[in-house]
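Notes follow once the structure below has been shown.
The values are calculated or read from the model by the stated rules, or taken from the named source; none is laboratory data. This is a predicted model, so every value here is computed, not measured. Here the Cβ positions follow ideal geometry from the backbone for every residue, glycine too, while neighbour counts run over all protein chains shown.
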Amino acid sequence: MSNANRMVPRPGGEPTGPKKLEEIRLPTEAEVKKGLLDTKVEPKNALSLSEFEVMKFIQEIQTKFSKILETKAGLLAELKEITEAKLKQIIDNKTFLQRLGSYFTEMTEVINNLVSEIEENEQIPQMLGVEAVKELIEEIQNSLYLDPEKNGDLINKLQSLPETSLENHIVRCQLALILDGGDKLKKFKERVQAALERSDDKEQLEKKQLEDLVKELKGLVREISALEIMQVFPSPSSPLPQEIEACKLRDEYDELKRSANYQAILISDGGNTLEQFRRRVKEALESNNYKELKGLVREISALEIMQVFPSPSSPLPQEIEACELRDEYDELKRSANYQAILISEGGNTLEQFKERVKAALERSDDKEQLEKKQLEDLVKELEGLVREMSALEIMQVFPSPSSPLPPEIEACKLEAEYKRMIEMIGEAQIKLRLRKLRSST
């Protein structure tokens, strides 16, 4: 049964190919665990029969891997040929797409068949160790990708191909898988990891070093964003193995990009920056400084951490920490904003509305004594009061009564008072309409 639809290879470096064995060798158990298959040993150190069978199986795997590399060489020769033909417009886009797809299909099938053999042999991990088996599988899987040093000319020609039809979505997924997988992904992983490790010591870094580190992380984000794989949107439900693998490759780059981006944000908007905002908000709350509070709301809203939406369930520690940082800034922003609303729309403003509403409602109680013109003016006045209160900022926000922030709890009460006045006006308006209806009949 074909394994063409199994998981296709994960990115990594271009394999150099195994060394051919001249004879079946019998290494010691320690040597086998280290994967030292080239070491000849004395008969007295020979392995048991079952170990001997494992070594024989490994030799068979290496022989089959050599055949995979031979298959790749043949497919690459054909790929070079059809690429030249496409550049010269000798073949159409559909034909090129089919021939290009055959490279992935055939390589994926032979690679997955061999990987299946390894994964289904339970003795291999016991003899070589889990890590050694993992490295062996990765080496086999990496044979799908092109090496920039060995296949640079072909890569350049593939990248130069014009895009002429909707079918190029699949072509671009296939090209991106070749161009941005393998060694390129490995190098990006190393660069991002190195930058993240340096940022772990951010408390020890000077201001200039932190600024340089942020620039480096942001540079990595830009480089990853510019990759071909980030310009296509392969579907994870596609029936094409190469498009499914392109999804996985895109996800790997996306994780690298998010890690670098969130770490840069943590450096820029965390630490001293957060402490300074905490101090400024606290001082503004204590002094009831409306202008300063509104200014702080604008400044916090403009921070980069407030322009992203990290997920609290992310597997990335940088993203989880960014969630916590965003929550802290959001609390500061809400405290400042609700306190500013309390200053501008509570106190005298609230009292004035209460007086105006009370006066209008008292006149509506004497509606039987009002002339038609007075009644119409009163209706307009009540409608105007509703519009004014509805337009207040406190009516545009939704403070939570269960909030841990005192200004937000107070804002809930303020909102409730304005809503109550609007409801009272609504009741009065209904009575006025009924009176108007009765008088008309």
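Can you name the residue in segment 217-249 that is assigned to a helix (DSSP H, G or I), hydrophobic (A, V, I, L, M, F, W, C) and touching a Phe, Trp or Tyr at 6+ places or on another chain (Cβ under 8 Å) and is also surrounded by the most Cβ atoms within 10 Å (Cβ to Cβ) among such residues? Step through it out loud before you land on a result.
Quick first cut of segment 217-249, residues assigned to a helix (DSSP H, G or I) only: 217-225, 228-231, 241-249.
Checking the rest, the ones that are also hydrophobic (A, V, I, L, M, F, W, C) come to 217, 220-221, 224, 229-230, 244, 246-247, 249.
Filter once more, keeping what is touching a Phe, Trp or Tyr at 6+ places or on another chain (Cβ under 8 Å): 220, 224, 229-230.
On the way: LEU220: 22, ILE224: 22, ILE229: 25, MET230: 17.
Only one residue tops the list, namely ILE229.
For segment 92-192, give me every one of the helices (runs of 4 or more DSSP H) that falls completely inside it and has 1 or more residues that are without any contact (Cβ under 8 Å) to a residue 40 or more places away in the chain and over 22 Å from GLU51 (Cβ atoms).
Values: elements: 93-120, 123-128, 130-141, 152-159, 168-180.
Filter on segment 92-192 gives 93-120, 152-159, 168-180.
Is it the case that GLN276 is assigned to a helix (DSSP H, G or I) and in contact (Cβ under 8 Å) with a residue 60 or more places away in the chain? Write out each step before concluding.
On the way: assigned to a helix (DSSP H, G or I): yes; in contact (Cβ under 8 Å) with a residue 60 or more places away in the chain: no.
Against the criterion (assigned to a helix (DSSP H, G or I) and in contact (Cβ under 8 Å) with a residue 60 or more places away in the chain), GLN276 does not qualify.
Residues being more than 20 Å from SER344 (Cα to Cα), touching a residue at least 40 places away in the same chain (Cβ under 8 Å) and among the β-branched types (Val, Ile, Thr): count how many of those fall in segment 279-329.
Matching residues across segment 279-329 total 2.
Would you check if ALA85 is surrounded by 14 or more Cβ atoms within 10 Å (Cβ to Cβ), at pLDDT 85 or above, assigned to a helix (DSSP H, G or I) and of a type in the set (Gly, Ala, Ser)?
yes
Can you run down the residue pairs with Cβ atoms below 7 Å, 6 or more apart or on separate chains, where the first is in segment 383-409 and among the aliphatic types (A, V, I, L, M) and the partner is not in a helix (DSSP H, G or I)?
Close Cβ pairs (under 7 Å, with a partner that is not in a helix (DSSP H, G or I)) amount to ILE409/PRO401; ILE409/SER403.
How about segment 304-330: which of its residues are surrounded by fewer than 19 Cβ atoms within 10 Å (Cβ to Cβ) and touching an Asp or Glu at 6+ places or on another chain (Cβ under 7 Å)?
Across segment 304-330, the qualifying residues are GLU304, SER311, LEU316.
Just give me the residues in segment 242-290 being under 30 Å from PRO406 (Cα atoms) and among the hydrophobic types (A, V, I, L, M, F, W, C), in sequence order.
Passing the criteria: ILE265, LEU266, ILE267, LEU274, PHE277, VAL281, ALA284, LEU285.
Output yes when any residue across segment 13-27 is surrounded by 14 or more Cβ atoms within 10 Å (Cβ to Cβ), of a type outside the set (Ser, Thr, Tyr), in a loop (DSSP other than H, G, I, E, B) and modelled with pLDDT of 50 or more, and no when none is.
At the first step, the residues of segment 13-27 found to be surrounded by 14 or more Cβ atoms within 10 Å (Cβ to Cβ) are 13-15, 17-18, 21, 25-27.
Filter once more, keeping what is of a type outside the set (Ser, Thr, Tyr): 13-15, 17-18, 21, 25-27.
Applying the additional criterion that residues be in a loop (DSSP other than H, G, I, E, B) yields 13-15, 17-18, 21, 25-27.
Narrowing the set further to residues that are modelled with pLDDT of 50 or more leaves none.
The answer is no; no qualifying residue exists.
Quick one: is VAL232 among the β-branched types (Val, Ile, Thr), outside the structural domain of TYR103 (by TED's automatic domain parsing) and under 22 Å from LEU303 (Cβ atoms)?
Values: among the β-branched types (Val, Ile, Thr): yes; outside the structural domain of TYR103 (by TED's automatic domain parsing): yes; under 22 Å from LEU303 (Cβ atoms): no.
Considered against the rule, which asks whether it is among the β-branched types (Val, Ile, Thr), outside the structural domain of TYR103 (by TED's automatic domain parsing) and under 22 Å from LEU303 (Cβ atoms), VAL232 comes out as no.
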